[in-house]
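The next block holds one structure in the form of structure tokens; read it before the comments.
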């Protein structure tokens with residue numbers, strides 16, 4: 001895996017497969033030896049979305065525009081969750 005060959009942050013997103021629904025891919029990412037860190041996300045589309053958001057969070061440390069966009073996104077997600085919750089009541 002690339003994580004063993006770099007000091008840059010590595011984000012692993014398990015690919016959903018037919019045979020094991022991506023669990024095999026998940027294990028190949030999370031079972032890295034000590035000293036080879038990988039930020040591992042969920043299997044499939046949710047993991048890909050979270051990987052993108054995680055990368056943006058890393059970049060936002062040095063870029064205020066990204067930090068602001070992430071804060072706006074989080075606020076919007078909160079409103080969506082609240083509206084969804086209200087529909088259940």
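Values in this text are rule-based calculations from the coordinates and carry no lab data. Being a predicted model, the structure only gives us computed values, none of them experimental. In this analysis, Cβ positions are derived from the backbone assuming ideal geometry, glycine residues included, and neighbour counts consider all displayed protein chains.
Tally time: how many residues in region 38-89 are in contact with a helix residue (DSSP H, G or I) (Cβ under 7 Å, 6 or more places away or on another chain) and either loosely packed, with under 15 Cβ neighbours inside 10 Å or without any contact (Cβ under 8 Å) to a residue 24 or more places away in the chain (or both)?
Total satisfying the criteria: 7.
What are the residues in region 36-60 that are under 10 Å from the mean Cα position of the chain (by Cα) and not in a helix (DSSP H, G or I), if any?
39, 40, 41, 42, 43
Please specify each residue of region 7-27 satisfying the condition of being under 21 Å from residue 55 (Cα atoms) and part of a helix (DSSP H, G or I).
Passing the criteria: 25, 26.
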